[in-house]
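To start, the structure under review is shown below, and the notes come after it.
The values are calculated or read from the model by the stated rules, or taken from the named source; none is laboratory data. Fair warning: this is a prediction, and the values are worked out from it, not measured in the lab. Using ideal geometry, Cβ is built from the backbone for each residue, glycine included, and neighbour counts are taken over all protein chains shown.
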Amino acid sequence: MKKRILFLFCCIWLTSFVKAQDTTQVESDTITDNAILFPESMTGELSNLLRDWQIDLTVNDEECSRGANVLFPDSVYISRLHSMPTVMELSFNSVVKRYIEMYASRRREQVSYMLALGDYYFPLFEQALDREGLPLELKYLPVIESALNPVAVSRAGATGLWQFMLRTGKGYGLEVNSLVDERRDPYKATEAAVRYLKDLYTIYQDWNLVIAAYNCGPGNVNKAIARSGGKRDYWGIYYHLPRETRGYVPAFIAANYIMQYYADHNICPAYVHASVSALDTVQVNERMHLSQISAVLEISVEELRRLNPQFRKDVIPGNFKPYALVLPSEKMYAFVDREGEILAYNRNIYHPHRTNTENYLNGGMVSGDAGGENIYYRVKRGDNLSTIARRNGISLAQLKSWNGLKSDRIGIGKQLVVGKKPIPATSTGKEQQTAQLSENGDVEIINQYYRVRKGDTLGKIAQQHGVRVSQLQAWNSLRSTRIQIGDRLIVQQDAVQRPKEEPAEQEYKRAEDTPRGSNIIATYLKEQVERAERQGNQ
């Protein structure tokens, strides 16, 4: 009897042990992970993002009610994710829930700003994705990659909205050099990202694996597949992936959720304050600094940077190849009309890069007022000596000294020397250079120069060049026949008719014919302005 009772007890214990093992096995299949690393876009300081976005954003309380976060049971999250019209699988588990609650609670203010930014970024993303037949829900990838920050740079060096590494970006045709980084160009980077995602899908045929590979690279995903015994399911290889990538797909699912159901969590989109109704693109063919454009067109450097984040040092190379510059539409026509003025504005300050330093090697360095070829400027209505000096990067004293001015009074149309250029050394002592314009600006006076050598006299120089001594004196403002070795004399003058400039209408026509680039935020800003006007009329 005792043996039977002992045997029965053992059977009950063994059965309980087996059930416990089965339960443990089931629980082990449930994704629970406290060791994941959150994407950098979810850990950065909001103040840094606001600085990088460079947009005046404030909370808008008119279209939704703000309040504390609302927590929902798991069944609600499951139902909402399952009902979303997506090609990609948006499944729910405890890790996904953690990301949803992070966006809805601790990062809710960031979500508010990203909703406003997304109003003009997401249509751009959707257009590129739709053109290649990719799921439109991939438009939320930059939310977790960069928090919609076009100048974001990760600890590993990934850059831009889509966080391209240098090698990958160049592999997909993005230009990256010291002055230009097209990984920061919203339009071009989006086109490259779409091609990259399409290539990854060709490899994996599973969108969760695709975005995992987008984050950590195909090599790490392939290793995880091998370690899992060949499973080609993201959740099946979850624990074999790098820690940061484990949270990448859950964060993507949560981003899709929060961008759809933000109002249910009492999150309101921020409102963009902007006076710009439309944007346009103009091609720049010469080296130009954003500060030059800012000063002449009266547009802030911050706005130019926001519209053109690809110019990493505020310099448009120009001379290498044409570059697209995005401007508010009303400034584009002013740019075409005043491009010459922009190029000349403080050129010596913003472009100190010298093209030729041969004179330094030959001992012919020109500095200060000592010789050199004159650079001229014709005085216009509204000009004064101080502004002319500032525009050309010289002091007021220099300007007055070069032009023999004893007061600050100047007349409209007067031609002033505003700079000096080094004179290239030549074996004959001669060179030809445009010196000045006629009073009406229709004729260019071309001066032939000669450098005085040892043994030269004014009479000898006049005889050599077939001119009279009196002509040399008049051309060079000489009161006597005394000259010194090294003096640079005009020995011949020729008048050349200048071609007539095209009317301004032609310049505008050329601007309209120029291919236009990305109009990233034009539609959104226009809608915002129209909405503000409607509200003001109510």
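Below are the figures for this structure:
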quantity: Some residue of the stretch 86-93 being outside any loop (DSSP other than H, G, I, E, B), more than 31 Å from the chain's Cα centre (by Cα) and at pLDDT 90 or above; calculated: no
quantity: Residue within the stretch 41-52 that is loosely packed, with under 12 Cβ neighbours inside 10 Å, of a type in the set (S, T, N, Q) and at pLDDT below 95 present; calculated: yes
quantity: The stretch 468-489: number of residues that are under 10 Å from ASP456 (Cβ atoms) and either over 55 Å from the mean Cα position of the chain (by Cα) or touching a residue at least 40 places away in the same chain (Cβ under 8 Å) (or both); calculated: 2
quantity: Subset tally (residues that are outside any helix (DSSP H, G or I) and not aliphatic (A, V, I, L, M)) for the stretch 164-191; calculated: 8
quantity: Selection count where residues are without any contact (Cβ under 8 Å) to a residue 60 or more places away in the chain, closer than 12 Å to ILE293 by Cα and either buried (at least 18 other Cβ atoms within 10 Å of the Cβ) or of a type outside the set (D, E, K, R) (or both), scope the stretch 317-344; calculated: 10
quantity: Subset of the stretch 108-160 that is surrounded by fewer than 20 Cβ atoms within 10 Å (Cβ to Cβ) and of a type in the set (Lys, Arg) - its residue that is nearest to GLY67 (Cα to Cα); calculated: ARG108
quantity: Check on ALA334, farther than 18 Å from LEU148 by Cα, of a type outside the set (S, T, N, Q) and within 20 Å of the chain's Cα centre (by Cα); calculated: no
quantity: From TYR248, TYR239, residue being buried (at least 16 other Cβ atoms within 10 Å of the Cβ) and hydroxyl-bearing (Ser, Thr, Tyr); calculated: TYR248
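Yes or no, residue by residue, for (1) closer than 20 Å to VAL151 by Cα; (2) assigned to a helix (DSSP H, G or I); (3) at pLDDT 95 or above:
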| position | (1), (2), (3) |
| --- | --- |
| TYR271 | no, no, no |
| SER275 | no, no, no |
| LEU304 | yes, yes, no |
| ASN319 | no, no, no |
| LEU327 | yes, no, no |
| GLU330 | no, yes, no |
